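Just so it is clear, none of the values below were taken in a lab; they were calculated from the coordinates. The shown structure was predicted, so the numbers you read here are calculated from the model rather than taken from an experiment. Note that we place each Cβ from the backbone using ideal geometry, even for glycine, and neighbour counts take in every protein chain shown.
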């Protein structure tokens with residue numbers, strides 16, 4: 001695992017960070033609102049397991065019922081298209097950002113394992129999507145096992161991604177505080 005992380009740290013660059021940032025921002029500004037609008041149009045609601053931090057299997061079945069057949073089909077379509085690409089987009093952004101900051105701060109010791117957080121988030125995002133797809137596909141038959149897995153996966157996804165973004169904010173703060181201190185010392 002350490003060798004893979006070291007490889008990512010070596011290969012990360014400001015150029016990769018810039019490219020991944022542009023793609024990430026494009027998705028945030030253009031793609032996500034359109035997907036959200038499409039989802040609401042097809043399902044008739046803004047409820048979604050993807051955007052919830054905490055929900056139950058009963059909530060998931062209720063969403064499946066509210067979505068109706070057309071909404072469930074749209075949900076499955078989006079999970080098998082958009083929600084394969086989107087996690088890769090935010091993964092690249094988070095990994096590149098974390099790696100560049102770690103390299104610039106010379107924090108490649110134990111802090112390098114922060115790079116794993118986005119990977120964990122993406123894994124649980126995919127588990128959430130697979131579980132939710134099965135629930136939506138089988139509804140009105142209740143896929144209890146998958147309905148119980150989805151909320152757990154969603155919670156872990158959001159916690160790891162939240163910690164990942166928080167880590168980046170902390171690293172950026174450390175970086176700029178260091179720059180300010182260096183300027184003060186040079187006066």
Under the Kirkwood approximation for Rh and a Cα-based Rg, what ratio Rg/Rh is obtained for region 90-149?
1.27
Mean residue ellipticity (222 nm) of the chain, computed from DSSP H runs ≥ 4 via -39,500 (n - 2.57), nearest 500
-27500 deg cm²/dmol
Of every Cα-Cα pair in region 1-137, the percentage lying beyond 24 Å is 41 percent
Assuming 0.36 nm per residue, please report the length gained on full extension of the stretch residue 30 to residue 175 beyond their Cα-Cα distance.
49.2 nm
I need two numbers for region 56-133: Rg to one decimal and Dmax as a whole number, Cα atoms only, in Å.
17.1, 53
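Per residue, how big is the convex hull of region 123-165 when only Cα atoms are used? Give it in Å³.
Hull volume normalised by residue count: 49 Å³.
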With a ≥ b ≥ c the root eigenvalues of the C-alpha gyration tensor of region 47-92, is it rounded (a/c under 1.5), prolate (a/b larger than b/c) or oblate?
oblate
Cut-off 17 Å (backbone N to label point 7 Å along Cα→Cβ of residue 144), residues of region 50-80:
56-62
Where does each of 146-157, 3-14, 89-100 land if you order them by average Cβ count within 10 Å, highest first?
89-100, 146-157, 3-14
P(r) of region 80-187 over all Cα-Cα pairs, binned every 5 Å from zero, in whole percent:
2, 12, 18, 17, 14, 11, 8, 6, 5, 3, 2, 1, 1, 0, 0
